[in-house]
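Heads up, the thing below is written out as structure tokens.
The values are calculated or read from the model by the stated rules, or taken from the named source; none is laboratory data. Just so you know, these numbers come straight off a predicted model, no measurement behind them. Heads up, the Cβs are rebuilt from the backbone with ideal geometry, glycines too, and the neighbour counts pull from every protein chain shown. Accessible surface areas use protein heavy atoms only, side chains included; no ligands, DNA or RNA. Shrake-Rupley method; radii C 1.70, N 1.55, O 1.52, S 1.80 Å.
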Amino acid sequence: MSMKILVVDDSATDRVLIERILSEYDVLTACDGVDAMKQIDANNEIGLIILDLNMPRMNGFEVLKVLKSEEKYEGIRTIILTNYDELDNEIKGLELGAVDYIRKPIHLASLKTRVGIHLELIKIQRRLEQKLVEQRSTFDTIFNQAPIGISISYSSDSSDAISDVDTQINSMFEQIAGRTKEEMIELGWANITHPEDLEKDLEYYRKLKSGEIESYAMEKRFVRPDGSIVWVEMTVASLKLMGESEIAHIALLKDITRRKAIEENLKYSYEHDSWTGLYNRNYMENLLESDSRRGFHEKRAVVSINLSAMQSLTTTYGFHYTQELNKKIADILGQYCNGGRVLFNIYENRFAFYIKGYEDKNELTEFSEEIAKTLEPLLITERISGGIGIVEIDEENGRDVDGLLKKLLITSERAIDIDNREIGICFYDAAIEEQMVREQEIKRALTEIAADESYSRLFLQYQPIIELKTDVIIGFEALSRLNIDKLGLIPPLEFIPIAEKTKLIVPIGRRIMLQAFRFLKRLNDLGYSSIGVSINVSAIQILRDDFTSSLFRMIEDARVHPEKICIEITESVVASNYEEMNRILGKLSDSGIHIAIDDFGTGYSSLARERDLNVNCLKIDKSFINRLMYLKSEEAITSDIISMAHKLGHCVVAEGVEYQKQREYLERWGCDKIQGYLISKPLNEEAAIEFLKTYNHW
Ligand code: C2E
Ligand code: MG
Ligand code: MG
């Protein structure tokens, strides 16, 4: 665009003179201010004005004032024409916006040079302006098309100013917040921030304003007009703008709602059991840990409901069935949750209440009783048992959450075994733990033995059984012993139940039978072919499908006579699985194996059933033999048991005979055989053979 120069002077001579000097430029002229303004308004190419001050109608000062007053004249430069003695006017003119002055009489060369300089300056200025416009447009493009929300605010000094009219907000910001720029400016960002995030945000913002920090970043939520929440990652920083004394702030926003949703999901599944929807062990551990860090201001305890026996239902009815049952139990227990009680599904088929602020132990007991009572009908229907273990949290165990959970598990396991009810209740104490550690040790030893036949830590002792009529040893009962380095000799009453619980009794029982058969074979080889061996067998062993077949194979392999083998099973086992058990016992009897009911009298016995039972022998429990020491003989029912057993066609063995008086009573009432310390304690193999030789005078 060509630039024009306007010469404004009431003197025609001066106008002509100047026009001539500037002939190389495009020059317009005006004779006074009014004329000048007309031309300026009509011609927007005028870039430089040479302005006389003293003119009729509208003088130069008035023109300068108008030019200064309106933005549209901003780009026009004015050089004033003054007389050499008008210093005041020069100053006034410069103050009104003129950029230079030229004194009259006009010096031609000076005028030309100055005009040249100013035209050059105007060109530079215009180029700069153009550049600025271009930069601004680039900035605007970036600002408005940026894929992140941006806001720049030039807030006032008030540290709480959270709404600012000068704020620039880009369209992504509007999109994220779901509001227009105007709406946000009117509301202020505090009002669109989620109340839970506001305090933290304001705290940061105050620090930023006070210069304590230069920037901050946080994840926060905005509330959209429809009430929905948008999660953003926000960075706010101070901006020191060039030439501005105020500090501006820039906020950059990224919508992270989706990421948050995924995170929430992950967090949920990290903290919940997917099936019951209850909090899981992770969550419980974290909660216990954080509570312990906070200190102990109230009583805290964990009550665990152990229904691990449900596992057995899975094998029978399938996974789906147990899952549904688990859910049902979760719903039942869920009703007991309140402010002080949180429910967790800590392991499969195991639940726990975390209880805070209870009064005393009694309250825990009552609560556990109530839970037990509620669950009992269900457990009866499902024919499973459970245990409720209670661990009170103190400063010491509270800090070791892992240990605490272990104690909980131990106690609830223990609770299953105590009390003769569907669901036992047990408080934790140190003795329980000691016992559990011991059990663990035994379990480990049994596992090793089950895997390796060469272990000599499991061995048998043999207790002689004599026939009363002849007073000769007619057999031995094999009694198993376990020797563990750390714990010494473990009685069978301790390790057999553990072996049963872990099902290790199957391989362990096999080892026992093999050893007993080897002993029997040895007796036979030594010429004691009439001597038999009794072996104690657990229900778990007998009820296995392959029990009889594998027993027969072992007997064959050991080359022993089935008639010399007696299998002892306890009374309670027979009672609970009568039909099935009797079928198996029948099979054993058919092969010639003898069957004895051990500990007779201690369990429930139906005499009618005894008649049909495929057994040969009843072993009267030691408790009945003990009584013979202090009861008058006519008061003791031992004699009734003997005669009843004989009527049913069974032979009778008395166990635990320690005194001659007992032996005499038994002899008098026709008991067939006795076994006990009076004859001999259980003996190692060699000693047993020696004892046999001596006793039977062979
Ligand atoms: P049980 O079959 O009734 O065995 C008799 C128990 O009484 C044995 O205890 C024996 O040592 C003890 N005893 C014998 N005579 C006397 C006596 O005069 N006085 C006293 N106080 N005790 C006497 P032990 O060896 O501790 O066995 C305990 C129980 O463990 C056995 O009772 C049996 O039920 C079970 N058991 C032992 N070995 C095995 C085994 O190999 N398999 C299975 N399943 N159970 C076994
Ligand atoms: Mg026995
Ligand atoms: Mg017994």
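The condition of being farther than 30 Å from TRP669 by Cβ and either hydroxyl-bearing (Ser, Thr, Tyr) or more than 16 Å from ligand 2 (Cβ to nearest atom) (or both) holds for only one of PRO497, PRO507, that being PRO507. All of (1) near ligand 1 (Cβ under 9 Å from one of its atoms); (2) surrounded by fewer than 17 Cβ atoms within 10 Å (Cβ to Cβ) hold for GLY527 with one exception: (1).
Of the numbered conditions (1) within 10 Å of ligand 1 (Cβ to nearest atom); (2) surrounded by 16 or more Cβ atoms within 10 Å (Cβ to Cβ); (3) at pLDDT below 95, PRO497 satisfies every one except a single condition; which is it? Only one criterion in (1) within 10 Å of ligand 1 (Cβ to nearest atom); (2) surrounded by 16 or more Cβ atoms within 10 Å (Cβ to Cβ); (3) at pLDDT below 95 is unmet by PRO497, namely (2).
Considering the stretch 236-347, the qualifying strands (runs of 3 or more DSSP E), each wholly inside and each with 1 or more residues that are hydrophobic (A, V, I, L, M, F, W, C) and farther than 30 Å from ARG383 by Cα, run over 247-255. Beta carbons closer than 6 Å, at least 6 apart along the sequence or on distinct chains, pair a first residue in the stretch 528-539 that is under 19 Å from ASP599 (Cβ atoms) and hydroxyl-bearing (Ser, Thr, Tyr) with a second that is open to solvent by less than 10 Å² (accessible area, probe 1.4 Å) and outside any strand (DSSP E or B) for SER538/ILE505. Of all residue pairs spaced 6 or more apart or on separate chains, those with beta-carbon atoms under 7 Å, a first member in the stretch 618-632 that is over 14 Å from ILE465 (Cα atoms) and a second member that is among the aromatic types (Phe, Trp, Tyr) are ASP621/PHE600; LEU628/TYR665; MET629/TYR659.
Test LYS564 against the criterion of being closer than 23 Å to GLU667 by Cβ, over 54 Å from the mean Cα position of the chain (by Cα) and open to solvent by 50 Å² or more (accessible area, probe 1.4 Å), and give yes or no. Considered against the rule, which asks whether it is closer than 23 Å to GLU667 by Cβ, over 54 Å from the mean Cα position of the chain (by Cα) and open to solvent by 50 Å² or more (accessible area, probe 1.4 Å), LYS564 comes out as no.
When VAL574 is tested against the conditions (1) at pLDDT 90 or above; (2) in a helix (DSSP H, G or I); (3) surrounded by 20 or more Cβ atoms within 10 Å (Cβ to Cβ), the lone failure is (1).
Taking the stretch 592-612 as the range and being over 12 Å from VAL574 (Cβ atoms), among the small types (Gly, Ala, Ser) and modelled with pLDDT of 70 or more as the test, the residues that pass are GLY592, GLY601.
Taking the conditions (1) part of a helix (DSSP H, G or I); (2) open to solvent by less than 20 Å² (accessible area, probe 1.4 Å) in turn, ASP598 satisfies each one other than (1). For the residues ILE390, ILE432, ILE442, the requirement of being modelled with pLDDT under 90, out of contact with any Asp or Glu (no Cβ under 6 Å at 6 or more places or on another chain) and among the β-branched types (Val, Ile, Thr) singles out ILE432.
Out of SER639, SER623, one residue alone is assigned to a helix (DSSP H, G or I), within 16 Å of ligand 2 (Cβ to nearest atom) and either at pLDDT below 95 or open to solvent by 20 Å² or more (accessible area, probe 1.4 Å) (or both). It is SER623. Within the stretch 197-214, the set of residues being within 21 Å of ASP255 (Cα to Cα) and surrounded by 15 or more Cβ atoms within 10 Å (Cβ to Cβ) comprises ASP197, LEU198, ASP201, LEU202, TYR204, TYR205.
Is it the case, given these coordinates, that ILE567 is over 23 Å from ILE597 (Cα atoms) and either within 16 Å of ligand 3 (Cβ to nearest atom) or not basic (Lys, Arg) (or both)? In short, no. When restricted to residues that are open to solvent by less than 40 Å² (accessible area, probe 1.4 Å) and more than 23 Å from LYS112 (Cβ to Cβ), the stretch 68-88 contains 1. On the stretch given as the stretch 525-553, residues that are assigned to a helix (DSSP H, G or I) and touching a Ser or Thr at 6+ places or on another chain (Cβ under 9 Å) total 5.
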